[in-house]
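Enquirer: What follows is a single structure, and I will ask about it in a moment.
Only the coordinates and a few stated rules stand behind these numbers; no lab work does. It should be emphasised that the depicted structure is a prediction, and the values quoted were computed from it without experimental measurement.
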């Protein structure tokens, strides 16, 4: 008797279709943009190359091959592979638990960061002037005019 559980054969459908929708959507959009840039780059590499026929065919063919191959890989990773899909579903679940800051809190925090950064910059400039004066006084630096 076989101790391993047999998985039912799945059609070409999406694994856990209703779960992790927005995470999968954003991942798919980013992946599609990456593939599109790669296909554009590959098509540019083949433009102007002489294969005995117009280079536009080689350029377009290379772009279609890149789009097809990496599109299928993306479909498999984002829509069909259980480990990846479970990770994306869990990510969306965790993002729903995040306590997002209000607009007022973000503006206040940004103001504090800017003020403290400005104060640190002034402190660094003051120390720079003091050290420059000190090292000029002991003749390590030449005086600037």
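Enquirer: Using 0.36 nm per residue of separation minus the Cα-Cα distance, give me the extension gain between residue 29 and residue 121 in nm, one decimal. Write down the numbers at each step before the final one.
Expert: Numbers: separation 92, 0.36 × 92 = 33.12 nm, distance 4.03 nm.
Residue separation times 0.36 nm, minus the Cα-Cα distance, leaves 29.1 nm.
Enquirer: What is the ratio of the Cα radius of gyration of the chain to 2.2 N^0.38 Å, where N is its residue count, to two decimals?
Expert: On the way: Rg = 29.0 Å, N = 145, 2.2 N^0.38 = 14.6 Å.
Scaled against compact globular proteins, the figure is 1.99.
Enquirer: Right, another one. Tell me, what is the percent relative contact order of the chain, built from C-alpha pairs under 8 Å that lie six or more residues apart?
Expert: 25
Enquirer: Rounded to a whole number of µm²/s, how large is the Stokes-Einstein D of region 21-97 at 20 °C and 1.002 mPa s, given Rh as the Kirkwood radius over C-alpha pairs? Before the final figure, lay out each step's value.
Expert: Working: Rh = 14.1 Å.
For the chosen part, D equals 152 µm²/s.
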